[in-house]
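Read the structure below first, then the notes.
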Amino acid sequence: MIFGRKSVIAGLALCLYSGSLPSLAQTSNTSGAVRRVQMSRERSASTLTRDDGKEVVAVALDERVRMGRKRDCSHLVHAIYEQAGFAYPYADSSDLYRGTDDFRRVKKPQPGDLVVWRGHVGIVVNPRRRKFYSFLRHGPGIDEYDAQYWKQRGPVRFYRYIKGESHDEDSAPE
């Protein structure tokens, strides 16, 4: 399902819970290999707050976001997170589905979390309405992750970005 400019603006207003949107963060660049999640991983790491998640959604719905040459779901999600200021080494949707060190699997999604199937990834826009943003059949757009098409893809998983020092290597101390 694809939405025009007016629908995206209206959707942004409807999809975000409350409060004003924070300003857009600057892009940061990182590189590195995808790392598998260890089930015994320390749980004390901080994850995206609800406000951080709203920032990711705001960047996702901003028409000025540029994703580069590769036009698929995992590259779109990666570009959005980087432009929101939450960089991680690129991972395709299959790697994200299995889990990486940069995201923690969660049962209850919040705005900005990843919604992942084997072979597809998106960003949760509104968990109450089960809406997500991704690169769909006809380009970037919003759909419902519990729609029949997505249910047929198999079990869905949700992941939340883990904040940490490893993500801040390119940022200068203040």
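The values are calculated or read from the model by the stated rules, or taken from the named source; none is laboratory data. Note that this is a predicted model, so its numbers are computed, not measured. Ideal geometry is used to build each Cβ from the backbone, glycine not excepted, and the neighbour counts take in all protein chains shown. In case anyone asks, the SASA skips ligands and DNA or RNA and just uses the protein heavy atoms, side chains included. Shrake-Rupley method; radii C 1.70, N 1.55, O 1.52, S 1.80 Å.
Okay, here's what the table says:
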quantity	calculated
Residue in the range 101-121 that is farther than 15 Å from Cys73 by Cα, open to solvent by less than 10 Å² (accessible area, probe 1.4 Å), part of a loop (DSSP other than H, G, I, E, B) and at pLDDT 95 or above present	yes
Those residues of the range 49-74 which are open to solvent by 40 Å² or more (accessible area, probe 1.4 Å) and in contact with a Phe, Trp or Tyr (Cβ under 9 Å, 6 or more places away or on another chain), in sequence order	Arg50, Arg71, Asp72
Among the residues listed as Ser44, Ser94, Ser31, the single one being hydroxyl-bearing (Ser, Thr, Tyr), surrounded by fewer than 18 Cβ atoms within 10 Å (Cβ to Cβ) and at pLDDT 90 or above	Ser94
Odd one out for Asp72, checked against (1) in contact with a strand residue (DSSP E or B) (Cβ under 7 Å, 6 or more places away or on another chain); (2) modelled with pLDDT of 95 or more	(2)
First in the range 90-118 and more than 14 Å from Ile162 (Cα to Cα), second anywhere and among the polar types (S, T, N, Q), Cβ under 6 Å, 6 or more apart	Ala91/Thr100; Asp92/Ser74; Ser93/Ser74
Flag if Tyr161 is at pLDDT 95 or above, aromatic (Phe, Trp, Tyr), open to solvent by less than 10 Å² (accessible area, probe 1.4 Å) and outside any strand (DSSP E or B)	no
His138 vs. criteria under 18 Å from Leu61 (Cα atoms), open to solvent by 10 Å² or more (accessible area, probe 1.4 Å), modelled with pLDDT under 95 and over 14 Å from the mean Cα position of the chain (by Cα)	yes
Condition met for Pro89 (in a loop (DSSP other than H, G, I, E, B) and farther than 24 Å from His138 by Cβ)	yes
Evaluation of Glu63 against (1) assigned to a helix (DSSP H, G or I); (2) in contact (Cβ under 8 Å) with a residue 24 or more places away in the chain (one fails), failing number	(1)
Sole exception among (1) on the phi > 0 side of the Ramachandran plot; (2) open to solvent by 50 Å² or more (accessible area, probe 1.4 Å) for Tyr149, by number	(1)
